[in-house]
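> Mind looking over this structure? Questions follow.
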Amino acid sequence: MARVVGGIGCSHAPSIAHSYDRGLQNDPMWAPLYQGYAPAKEWLDKLRPDLIIVVYNDHMNRFFFDAYPTFALGVSESHPQADEGWGKRDLPDLPGHAKFSWHFAQSLIEDEFDPTICQEMTVDHGILSVLPLLTDNRWPAPLVPLAANVIQHPVPTPRRFFRLGQAIRHAVESYPEDLRVLVVATGGMSHQLHGERFGFVNPDWDNEFMDRLEGDPQSLVALRHHDYMERGGAESVEMIMWLAMRGALGDKVRRVHRHYYAPMLTGYGLVVFESAGH
Amino acid sequence: MDQATYRDTPIAGTTVFTGERSRRGYRINKLAMSLTDEANRQAFKADQRAYMQRFGLSDREMQLIEKRDWNGLVEAGGSIYLLIKIGGTIGQNLLQMGAQMRGETLEAFLKTRPGHQGNAVEKKG
């Protein structure tokens with residue numbers, strides 16, 4: 001039987017990709033972020049998962065509003081990088097895991113989650129901005145991308161994401177092979193990218209979110225989209241995707257690592273959990 | 001502020017990207033989406049007006065893009081995730097776009113950023 005051996009929640013942002021590609025790891029503004037990722041990278045290197053499931057959102061790179069899926073699952077053996085509007089980065093395609101993915105699709109649908117099934121799934125900074133910070137190996141394990149709509153309202157509720165996490169765990173535990181699975185959820189913490197409130201960042205709320213995610217996720221599940229947008233900015237509603245990672249880890253978690261850094265337009269948050277009983 | 005189909009209290013300085021807005025801004029967003037292709041980026045840069053006409057933009061929508069009026073484009077239904085593709089193609093980054101939307105110069109905006117002043121919020125856990 002496969003099992004969930006750990007979870008990571010982290011912000012994604014084009015700025016992270018930009019800093020990485022420009023080699024700004026030691027730049028005064030960027031160094032705290034990279035230092036904050038070092039313990040997570042070390043943990044992941046030791047964990048050596050067999051498979052990584054990532055819950056994230058596409059930023060109109062694979063999907064457009066002509067047909068915008070609420071949930072979309074990549075089921076192929078390889079996931080190429082999308083061109084986001086300024087050319088591709090120097091990164092290899094992500095390896096996928098078709099056999100697990102089709103099992104995953106079956107299990108999700110039996111649990112009443114009905115994703116769009118994608119045999120061609122290109123991925124964007126929702127995955128690729130942070131992945132290079134978590135590993136020097138390109139790439140450490142096959143990866144299954146599960147994209148969610150958090151951009152065009154109506155978007156799924158926070159509770160729906162928590163339940164999605166529970167369905168992810170169920171899918172993993174019903175897979176017959178002994179795979180050790182890491183569940184990652186990415187999503188920007190407080191930020192707003194438009195209007196007069198552009199640049200809004202709320203470190204107190206971001207840290208409260210990480211506290212509650214660890215010890216009291218049900219209090220986050222109970223909040224409305226409006227609460228998230230008011231506290232963290234309109235675009236920060238995507239942090240509800242972290243609840244899927246939390247839902248996949250069971251009732252109690254042990255925190256391995258946590259870091260937060262907010263230098264510019266958003267809070268760069270990072271949590272690493274292991275399951276501590278279900 | 002027109003919150004259209006968003007059924008909650010408006011948040012000051014904030015536009016929620018609703019289905020109604022997505023419908024209204026569809027042509028602008030579709031044009032922006034096409035810029036994920038290098039040949040299209042070149043075509044847009046070579047003749048912006050012709051390229052915009054190809055996507056059926058109204059005169060007002062074309063003017064908003066020509067003026068780089070980002071708040072106007074958000075109001076017209078542009079999604080910021082797509083508007084940055086237009087910005088990127090014509091050489092404006094998100095910080096420049098954001099400063100304009102706040103009604104500030106880029107320099108004035110950067111002064112409000114903690115990282116720029118060397119006192120960014122960091123919390124180790």
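Each value in this text was obtained by applying a stated rule to the coordinates, not by laboratory testing. A quick note: this is a predicted structure, and the numbers were derived from the prediction, not measured. Here Cβ is always computed from backbone atoms with ideal geometry, including for glycine, and neighbour counts include all displayed protein chains.
> Where nothing but the Cβ of Lys and Arg (+1) and of Asp and Glu (-1) is charged, how large is the charge dipole of the protein assembly as shown around its Cα centre, in debye to the nearest 20?
For this selection, approximately 340 debye.
> Mind listing the phi-derived Karplus ³J(HN,Hα) values for segment B:61-72, rounded to whole Hz, using 6.51, -1.76 and 1.60 with θ = phi - 60°, and x for any glycine or proline?
So the Karplus estimates, Gly and Pro as x, are 5, 5, 5, 4, 5, 5, 8, 6, 8, 5, 5, x Hz.
> Normalising by the residue count of segment B:19-92, find the relative contact order in percent from Cα pairs under 8 Å and 6+ residues apart.
It rounds to 48 percent for segment B:19-92.
> What net charge is computed for the residues neighbouring B:GLY91, neighbours being all others with C-beta under 12 Å from the C-beta of B:GLY91, Lys and Arg scored +1, Asp and Glu -1?
+3
> Only residues of segment A:55-85 count here: report those whose backbone N is under 17 Å from the spot 7 Å along Cα→Cβ of B:ARG54, or say none.
A:85
> Right, something else. Just to compare against my own numbers: the Cα pair-distance distribution for segment A:118-210, 10 Å bins, whole % per bin, please.
For segment A:118-210, the binned pair fractions read 11, 34, 39, 14, 2, 0 percent.
> Something else about it: How many angstrom lie between the Cα centre of segment A:105-178 and the Cα centre of segment B:99-125?
Going from one Cα centre to the other spans 33 Å.
> Spin-label point model (7 Å from Cα, Cβ direction): what's the A:GLN25 to A:MET1 distance in nm?
4.0
> Let me ask something else. What is segment A:59-113's relative contact order, in percent, from Cα pairs under 8 angstrom and six or more apart in sequence?
Relative contact order for segment A:59-113 comes out at 33 percent.
> Could you pull out the trypsin sites (Lys or Arg not before Pro) across segment B:47-122 that fall in loop regions by DSSP (anything but H, G, I, E, B) with no more than 12 other Cβ atoms inside 10 Å?
Taking segment B:47-122 and a limit of 12 other Cβ atoms within 10 Å, the loop trypsin sites (Lys or Arg not before Pro) found are B:LYS67.
> Here is a follow-up. Put a dot 7 Å past each Cα toward the Cβ at A:ASP114 and B:ASN93; how far apart are the dots in nm?
Here the modelled spin labels are 4.4 nm apart.
> Okay, moving on. Would you please give the FRET efficiency between A:ASN137 and A:LYS88, computed as 1/(1 + (r/R0)^6) with r the Cβ-Cβ distance and R0 = 25 Å, to the nearest 0.05?
For R0 = 25 Å, the calculated efficiency reads 0.80.
> Over chain A, what relative contact order in percent results from Cα pairs under 8 Å that are six or more residues apart?
Reported relative contact order: 31 percent.
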